[in-house]
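These notes are about the structure you will find just below.
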Amino acid sequence: MKRVVVGLSGGVDSSVAAYLLQQEGYEVIGLFMKNWHDDSVTISNECPWLEDSNDALLVAEKLGIPFQTVDLSEQYQEKIVDYMFNEYEKGRTPNPDVLCNREIKFDVFMKIALSLGADFVATGHYCQKSETEIEGKTVYQLVAGADVNKDQSYFLCQLSQEQLSKSLFPIGALTKPQVREIAAQMELVTAEKKDSQGLCFIGKVRLPEFLQQKLQPKEGAIIQIYKDHPIYQQDDKSGLTVEDSLRIEATKIAYTPEMGKFMGNHKGAHYFTIGQRKGLNVGGTKDPLFIIATDVITNTVYTGLTSHHPGLFKKALRILKDEVHWVRDDLALINGETLEVMARIRYRQPLQKAILHQFENEMFISFEEPQSAITEGQFAAWYLGEELVGSGVIS
């Protein structure tokens with residue numbers, strides 16, 4: 001009988017995952033990860049980890065499985081929170097959920113599970129795993145969840161073959177309503193529980209307040225750039241190499257305050273991200289202002305009117321060589337190779353037609369259609385059909 005450790009989060013998805021594994025004959029152990037102590041930055045009681053751990057305990061009791069809590073807050077602080085502060089300080093926008101899976105759930109947590117004699121770690125993610133054989137070797141595939149509205153494969157885009165080999169996703173073939181129905185039939189306390197929102201394990205956070213713990217507020221200018229500014233005229237790329245022309249497409253525009261109109265002040269450029277519309281507190285424009293760029297060195301925020309502003313759109317993005325990650329390392333490209341894929345630059349974005357271009361020190365993704373708010377520090381993930389095969393940090 002194979003032993004599985006389930007990361008019981010106190011939510012309905014992991015509860016049903018544990019039940020299904022039990023039905024399949026696995027020996028199931030429930031572990032709750034406590035990763036956060038500081039309630040001062042969470043909004044009201046949106047992330048009551050105590051309530052979550054109690055719910056996880058009640059589910060374990062109902063299923064008759066062993067249960068314990070593991071405190072990973074030190075590792076979480078070091079690998080996720082400190083990383084987030086560093087990224088925001090550099091003017092990038094990190095994705096803590098992707099990191100949390102790579103660094104905590106499928107690394108620190110997985111090692112604890114394996115030390116308890118587990119054969120596998122299971123989570124309540126909406127994604128699927130399959131296997132294929134290539135040249136006599138088992139290759140693990142990360143496949144989108146059956147529920148199109150809930151597919152969470154993107155959040156696992158940094159997993160390795162080693163991590164996938166030890167992972168199970170019991171609810172990946174189900175839809176959310178089916179999961180809730182099973183929980184209700186089993187009379188699990190989590191059956192009607194709302195999905196958790198916000199940061200992985202921290203819950204809903206007031207981001208500026210969260211960041212103000214380390215990054216001090218400092219006043220800077222908000223500048224509006226007009227959509228017909230000459231900077232948006234297309235450059236002539238004839239005579240350039242493919243790599244150079246892609247680099248131009250992917251490079252962010254170097255705005256200066258003289259290019260636009262002063263609109264007011266903000267409390268710190270590192271609190272804002274590209275594509276953001278709320279939080280500027282600037283009135284007097286007939287259309288909403290969107291952030292098109294931030295400069296943390298000069299502490300300036302650049303904006304443009306409407307979601308169609310040309311400053312929001314780019315046709316290509318760049319990933320540094322050492323930040324390209326292949327879930328399917330057998331598919332990795334070498335210098336000069338290209339691959340047609342479907343890609344997304346954020347969770348829940350519909351997949352976009354794109355081409356990967358691998359060069360010696362970098363990879364570019366060129367999109368068929370211009371993409372809005374390509375954001376440094378976020379992850380781009382690429383798929384062949386339903387299978388997520390690789391990802392990288394947008395640079």
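Read-outs: derived from the displayed coordinates by stated rules, not from any lab. If you're wondering where the values come from, they're calculated on a predicted model, not measured in any experiment. A quick note on method: Cβ atoms are made from the backbone with ideal geometry, for glycine too, and the neighbour counts reach across all protein chains shown.
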Next item on the list: Using a cut-off of 12 Å between beta-carbons, work out the net charge of the residues near LEU58 (Lys and Arg +1, Asp and Glu -1, LEU58 not included).
Entry: -3
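Which peptide among 123-129, 364-370, 238-244 comes first, and what is the full order, when sorted by highest mean count of other Cβ atoms within 10 Å?
123-129, 364-370, 238-244
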Note to self: Can you return the aspartates and glutamates within cross-link range of LYS193? Criterion is Cα-Cα under 16 Å, with same-chain partners fewer than 8 residues away left out.
What the structure shows: ASP13, GLU46, GLU51, ASP52, ASP55, GLU181
Notebook entry, point to check: Which lysines have a Cα lying under 16 Å from the Cα of LYS237, excluding residues fewer than 8 positions away in the same chain?
Noted result: LYS314, LYS315
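Rank-order 271-284, 96-109 by packing density, defined as the average count of other C-beta atoms within 10 Å over each peptide's residues, highest first. Before the final figure, lay out the partial values.
Numbers: 271-284: 15.1, 96-109: 21.4.
Highest-to-lowest ranking by the protection proxy: 96-109, 271-284.
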Next item on the list: Please list, or write none, the lysines whose alpha carbon is within less than 26 Å of the alpha carbon of LYS214, excluding same-chain residues fewer than 8 places away.
Entry: LYS34, LYS79, LYS90, LYS105, LYS204, LYS267, LYS278
Next item on the list: Just the number, please: percent antiparallel of the DSSP beta bridges in the chain, rounded to the nearest 5.
Entry: 75
Check: For the pair THR69 and THR285, what calculated FRET efficiency results from E = 1/(1 + (r/R0)^6), where r is the Cβ-Cβ distance and R0 = 45 Å, to the nearest 0.05?
Finding: 0.35
Next item on the list: Measure out, as a whole number of angstrom, how far apart the alpha-carbon centroids of the stretch 329-395 and the stretch 111-140 sit.
Entry: 24
Check: For the chain, what relative contact order do you get, as a whole percent, if you take Cα pairs closer than 8 Å and at least 6 residues apart?
Finding: 17
Margin query: For the pair THR138/LEU331, report the inter-label distance in nm, with labels modelled 7 Å from Cα in the Cβ direction.
Written below: 2.0
Notebook entry, point to check: Which percent, nearest 5, of DSSP beta bridges in the stretch 220-312 are antiparallel?
Noted result: 80
Margin query: With angles folded into 0 to 90 degrees, how steeply does helix 176-185 sit against the dominant principal axis of the chain? Use alpha carbons for both and round to 10.
Written below: 30
Check: Using alpha carbons only, how many degrees (0 to 90, rounded to 10) separate the axis of helix 49-63 from the longest principal axis of the chain?
Finding: 40
